[in-house]
Amino acid sequence: MSPKTRIRKVLVANRGEIAVRVMRTCREMGLATVAVYSDADRGALHVRKADEAVHVGPSPARDSYLVVEKLVDAAKKTGADAIHPGYGFLSENAALARACAAAGATFVGPPPEAMETMGVKTVARRHMNAAGVPTVPGSEGPIADEQEAKAFADALGYPVMIKPAAGGGGKGMKKVEREADFLALWDSARRESAGAFGDERLYLEKFLDEPRHVEIQIFADEHGDAIHLGERECSVQRRQQKVVEESPSCILDERMRQAMGEVAVRAAKAVGYRGAGTVEFLVDAARSFYFLEMNTRLQVEHPVTEMITGLDLVRMQLEVARGGRLVPQEAVARRGHAIEARIYAEDPGRGFLPSPGKITYLRVPGGPGIRDDSGVYAGWVVPQYYDPLISKLVAWAPTRDQAIERLIRALGEYTVHGITTNVAYLAAVLDHPAFRSGAYDTQFCERYAADLVRPPDPAFEDVALIAAAVEAYKRDRAAAEASVARAGSVAASRSNWARLGRARALRGGGA
């Protein structure tokens, strides 16, 4: 069947590694690409990789990447007939999807109605309950009054999770261990939710014992077909932010995998979904699973699924957006084991503070089964305005043990100067006995914090200060020498002009 929608030029409404990754597939498909960039990203890698680039505003995302009108206007100016939102920013924003439709452009994502339904967690819970999808015990909707919320939590039993009704990514989430802490944490969660999502509504869920975070990658097309591509284990989290992801999960057998896949597909069909999405579950110690939320976009960790299935999920997104059909479920094959580690410009030894700055040297690893999705290069200044993710390093191998060893080896080869990264922290996670055994849960990073982060060695602190002083001296000396050279060049130039003038005067030609 010929595609219903023609796509020739794609505007990528994002930045960093995901923008570069989307553009690579577009190039393979013969599609032209348009980048958008803020002041801070004028020299960014995604701008260099695109066929065209449009400036969309100042460095803060709220003034550039989060302004729907600027993105749609950039598409109109460049003749882009499709917009791919990547992940984060406006990727789950129904207003962008509707603005695309109004401008005659294809939004490479789900229908706005599906985003709205699944974007508000309490609404999503109601739809999932109606569809027979198991959900974590909790409130049916947002609770406005803090005393009412506390009474509900007391009845539910501690520990409980306070969660924002809108948004995701761990922002605004609070675990309450004791009744005495509830009101203070509720107030804190409400402020964070309002600041992050412009919506202070909160709801409650029971905190499960030894929870595992397992998500199912799904795809749906406009012909009513939906499939799943297996699971990703995402339980290694720090402050509800994923750090390491792997597939397959150690806790799933084939029967459980099939059951979760069928439930995820049912969830997608219940809201008229289309495109790529991820249905996230919590799995308790008894191996019962519960719907957590649905991310209506491409996930950060999608390369894990690509490595074990051999499928290009961005290509599938674009083909579905064109009106194409999905492959049947039985055609999806999985092989081997894949693990992804997120490399951030941050300092684990100092509370994971962001480490923006200029990358003075960069060498990324290679070898069999290694993939590095990156949005940076040597000479690039990592800006302070955005998430400090600089790279996603993925390893594939026939077995889990081999994949772990391969990724540890690759992390050892990852060399970056000028900024501080969490590479050593990631290696410690992978090499920890609890991770190697597969017997870990979402409390892994908190439980083993002392094993994973080494405090700075005072001896190395002295070495670092000396090195910094030497580097500053070299830089100042080089600048001084360059200044002298420039002055000498100007003086020589003036002298030459003077000699030339005298020669002309002797010939009677004047100056």
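The values are calculated or read from the model by the stated rules, or taken from the named source; none is laboratory data. Source: prediction; values computed, not measured. In this analysis, Cβ positions are derived from the backbone assuming ideal geometry, glycine residues included, and neighbour counts consider all displayed protein chains.
Summary of values
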read-out: Odd one out for residue 326 among (1) under 29 Å from residue 382 (Cβ atoms); (2) buried (at least 17 other Cβ atoms within 10 Å of the Cβ); (3) among the aliphatic types (A, V, I, L, M); value: (1)
read-out: Out of 349, 324, sole residue that is at negative phi, among the small types (Gly, Ala, Ser), not assigned by TED's automatic domain parsing to the domain that holds residue 217 and not in a strand (DSSP E or B); value: 349
read-out: Some residue of the range 415-435 being at pLDDT below 65 and of a type outside the set (Lys, Arg); value: no
read-out: Within the range 228-314, strands (runs of 3 or more DSSP E) holding 1 or more residues that are farther than 20 Å from residue 160 by Cα, out of contact with any helix residue (DSSP H, G or I) (no Cβ under 6 Å at 6 or more places or on another chain) and modelled with pLDDT under 95; value: 289-295
read-out: Any hit, the range 392-413, residues being in contact with an Asp or Glu (Cβ under 9 Å, 6 or more places away or on another chain), part of a loop (DSSP other than H, G, I, E, B) and surrounded by 18 or more Cβ atoms within 10 Å (Cβ to Cβ); value: no
read-out: Residue within the range 205-220 that is modelled with pLDDT under 95 and within 21 Å of the chain's Cα centre (by Cα) present; value: no
read-out: Pairs where the first residue, in the range 261-290, is without any contact (Cβ under 8 Å) to a residue 40 or more places away in the chain and the second is in a helix (DSSP H, G or I) and not small (Gly, Ala, Ser), C-beta under 9 Å, 6+ apart; value: 287/256
read-out: Entirely in the range 1-77, the strands (runs of 3 or more DSSP E) that have 1 or more residues that are touching a strand residue (DSSP E or B) at 6+ places or on another chain (Cβ under 7 Å) and within 20 Å of residue 300 (Cβ to Cβ); value: 9-12, 32-38
read-out: Any hit, the range 347-357, residues being in contact with a helix residue (DSSP H, G or I) (Cβ under 7 Å, 6 or more places away or on another chain) and of a type outside the set (Ser, Thr, Tyr); value: yes
read-out: Any chance residue 438 is over 30 Å from residue 233 (Cβ atoms), modelled with pLDDT of 95 or more, within 38 Å of the chain's Cα centre (by Cα) and surrounded by 12 or more Cβ atoms within 10 Å (Cβ to Cβ); value: no
read-out: Meets criteria (within 20 Å of residue 49 (Cα to Cα) and either β-branched (Val, Ile, Thr) or assigned by TED's automatic domain parsing to the domain that holds residue 58 (or both)) for residue 390; value: yes
